[in-house]
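No value in this document is a laboratory result; all are computed from the given coordinates. Nothing here was measured: the structure is a model prediction, and the numbers come from that model. Heads up, the Cβs are rebuilt from the backbone with ideal geometry, glycines too, and the neighbour counts pull from every protein chain shown.
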Amino acid sequence: MTLKRVAHTGLAAGLLGILLFGGVASAADVSRSALLAAQCEACHGMGGKGAAPMPAISGMEIADMVDIMKAFASKEEVSTMMYRHAQGYTDEELKMMAEYLKGK
Amino acid sequence: MQDMKRRDFMRLLGATGAVSGLTVMGIPTSVLAKASGKVIVVGGGFGGATCAQYLKRWGPDLDVTLIEKDAKYVTCPFSNIVIGGEMSLDQITHSYDGMKARGIKVITDEVTGVDAGAKKVSLKGGQTMSADALVLSPGISFRYGTVENDDKVAESMPHAWKAGPQTMMLRKQIESMKDGGVVLIVPPKNPFRCPPGPYERASLIASYFTKNKPKSRIIIVDSKPKHSKQGAFHAAWKHVYGLGEGKMIQWVSGDDGGPVIKIDPSTMTVEKEFGDKYQGDVINFIPNQKANVLVEKAGLTNKDGWCDVHQNTFESKVAKGVYVLGDASVATPMPKSGHAATSQAKNCAAAIVSMMAGQSAPTPTYANTCYSLVSPDFGISVAAVYAFKDGGIKKVVGGVTPPHPKEKDRFYKNEAKYAKGWYKSITMEMFG
């Protein structure tokens with residue numbers, strides 16, 4: 001299958017999504033949430049399941065994850081490294097990461 | 001897709017009409033747009049291995065082939081601990097079996113040529129292969145001819161800047177050196193792979209000396225006026241080993257005598273531009289660097305010897321459908337670190353998978369996490385988050401471990417523990 005045809009098929013599906021659901025279909029298994037969470041997974045294991053002594057971060061309540069990340073960012077919660085990461089994301093991005101990791 | 005003709009558009013509408021019937025029958029629309037196609041990844045290090053894994057994870061139907069010349073991979077991260085004698089080479093050597101189990105085809109062969117226009121590679125074994133997308137993560141080559149004799153000393157003054165036999169060569173020289181001897185470390189000019197590496201190496205050799213050869217010393221003969229994590233390293237050295245002339249670690253700045261211009265294996269000396277000479281019992285000469293000659297020969301490098309890429313997808317600026325990751329690419333302001341390469345690889349994989357499913361890629365996001373060990377129980381780090389803005393990678397936030405306040409020993413002990421956790425996690429992600 002040539003790339004052009006792949007692209008066309010994709011466009012067809014995109015159009016289909018718009019026609020049927022009024023939104024753009026997200027068909028590939030990659031999303032902004034997955035890409036954001038993949039940055040966490042580097043140190044916290046695949047699916048955020050932990051790699052001792054790196055703690056597991058999968059399955060956390062979304063509000064709890066966002067709360068701890070914001071506490072790291074403000075240094076209210078003491079960390080060696082996490083404050084330097086947590087300060088790099090918007091609330092919306094933190095929520096997306098949390099949503100993805102909750103399902104893992 | 002910009003050149004799509006009206007005829008094509010009408011045909012697509014027709015196709016949409018036809019498949020909408022399937023949806024009614026309960027087949028999800030997403031099935032129709034799964035990414036498919038063939039991707040070849042060259043180089044099984046931090047960039048390449050991670051890219052292959054994420055291509056398969058996010059595009060399970062993609063045909064992903066990884067080509068790597070060695071059957072097993074020895075990581076540069078943690079190789080300084082091997083040089084310091086606290087770990088064996090086996091402990092930092094990884095097989096590609098996990099990757100094979102995930103459905104990635106792994107070919108152990110050396111890529112000898114890249115036809116970027118045709119997205120085709122030729123292998124030493126005689127085979128040629130082409131793909132819909134070609135990902136190159138070849139690492140570095142040495143820029144020989146920039147320091148006198150730099151191409152003649154790989155055995156007498158091992159660089160140990162590609163982990164494996166070179167790592168053990170340097171380890172053995174340090175092990176057999178008499179107490180009271182001097183090790184010279186000669187770091188390269190910027191830019192180079194692993195900016196804090198030479199300074200971590202000095203630290204872990206000092207750690208070995210403290211336990212085994214306390215009268216021995218390390219002199220870092222630098223060509224640069226400043227170096228990575230300088231504040232944190234120097235504060236830690238002062239505290240743990242002693243820093244300065246006659247102390248266990250001495251750092252000679254590039255401002256002191258100019259850059260290194262000559263090395264002489266017959267007298268075991270290193271010479272700076274203004275004539276200052278340093279003599280060592282062991283010399284770790286790390287040559288100046290450029291992107292791997294493979295991508296240079298393929299015409300993918302710029303005038304400085306590195307590959308310009310679109311920093312959102314890592315597609316080469318000179319070859320469509322060819323992607324360059326990791327140390328070989330220009331990803332400034334990200335450093336040439338293993339972790340940075342993995343983060344780039346994830347963005348590249350997301351871009352390729354999305355393209356092959358006919359969708360737009362998610363907005364990029366990048367991170368770097370880089371631990372250095374001052375001793376096996378004393379870690380420091382740099383971490384940063386990056387975003388894609390105005391056509392390039394921009395740092396959002398980040399910084400280095402604060403320089404050593406004595407009362408906070410636990411902080412640095414924890415950083416050392418987390419360094420080991422980082423290694424475990426990131427190598428699992430690559431090879432698991």
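Comparing mean-square fluctuations of B:S130, B:S316, B:S329 from a GNM of chain B with C-alpha springs under 10 Å, the top value falls on B:S130. If Lys and Arg each add +1 and Asp and Glu each add -1, what is the summed charge of the other residues whose beta carbon sits under 11 Å from the beta carbon of B:Q53? Value of the local net charge: +2.
Ranking B:Q250, B:P165, B:I220 by Cα position along the charge dipole of region B:165-287, where only Lys, Arg, Asp and Glu carry charges on their C-beta atoms, puts B:P165 farthest toward the positive end. Here the contact order of chain B, divided by its residue count and restricted to Cα pairs under 8 Å and six or more residues apart, works out to 18 percent. Restricting attention to chain B, close to 55% of DSSP beta bridges with both partner residues there are antiparallel. Phi-derived couplings, Karplus 6.51 cos²θ - 1.76 cosθ + 1.60 at θ = phi - 60°, listed residue by residue for region B:248-264: 5, 10, 10, 10, 9, 5, x, 6, 9, x, x, x, 6, 10, 8, 10, 10 Hz, with x used for Gly and Pro.
For the protein assembly as shown, the share of DSSP beta bridges that are antiparallel, to the nearest 5, is 55%.
When the charge dipole of the protein assembly as shown is built from unit charges on Cβ atoms (+1 for Lys and Arg, -1 for Asp and Glu) and taken about the Cα centre, the candidate among B:V135, B:S88, B:I263 whose Cα reaches farthest toward its positive end is B:V135. How much of the DSSP bridge set in region B:165-287 is antiparallel, in percent, rounded to the nearest 5? Antiparallel bridges make up about 35 percent of those DSSP assigns within region B:165-287. Put a plus charge on the Cβ of each Lys and Arg, a minus charge on the Cβ of each Asp and Glu, and nothing anywhere else: the dipole of region B:39-179 about its Cα centre is then about 260 debye.
Look at the alpha carbon pairs under 8 Å that are at least 6 residues apart: their mean separation over the length of region B:345-432 gives a relative contact order of 23 percent. Across region B:141-155, rounded Karplus estimates of 3J(HN,Hα) from the backbone phi angles (6.51 cos²θ - 1.76 cosθ + 1.60, θ = phi - 60°) give 10, 8, 8, 5, x, 9, 10, 4, 6, 5, 9, 10, 10, 4, 9 Hz, Gly and Pro being marked x.
In straight-distance terms, cross-link reach from B:K290 covers every one of the lysines whose alpha-carbon lies under 21 Å from its own, apart from those fewer than eight places away in the same chain; here that gives B:K69, B:K152, B:K162, B:K189, B:K224, B:K226, B:K262, B:K303, B:K317, B:K336.
The charge dipole of the protein assembly as shown, taken about its Cα centre with unit charges on the Cβ of Lys, Arg, Asp and Glu (plus for the first two, minus for the last two), comes to roughly 540 debye. Around the Cα centre of chain B, unit charges on the Cβ atoms of Lys, Arg, Asp and Glu (plus for the first two, minus for the last two) sum to a dipole of about 880 debye. Candidates A:C40, A:V78, A:I68 compared by Cα position along the dipole of region A:31-102: farthest toward the positive end lies A:C40, with charges placed on Cβ.
In order along region B:284-290, the Karplus-derived 3J(HN,Hα) couplings, from 6.51 cos²θ - 1.76 cosθ + 1.60 at θ = phi - 60°, round to 9, 9, 9, x, 4, 10, 8 Hz, and Gly and Pro are given as x. Fully extending the segment from B:E110 to B:D304 would add 67.3 nm, taking 0.36 nm per residue of separation and subtracting the current Cα-Cα distance. Summarising the amide proton neighbourhood of B:S141: residues at separation of 5 or more, or on other chains, whose placed amide H is nearer than 5 Å comprise B:K290, B:A291, B:N292, B:V293. The order of B:R102, B:R143, B:R171, going from fewest to most other C-beta atoms within 10 Å of their C-beta, is B:R102, B:R143, B:R171. I want to verify a result. In a Gaussian network model of chain B, Cα cutoff 10 Å, which of these has the top mean-square fluctuation: B:R193, B:R201, B:R57? Most flexible of the set in this elastic network: B:R57.
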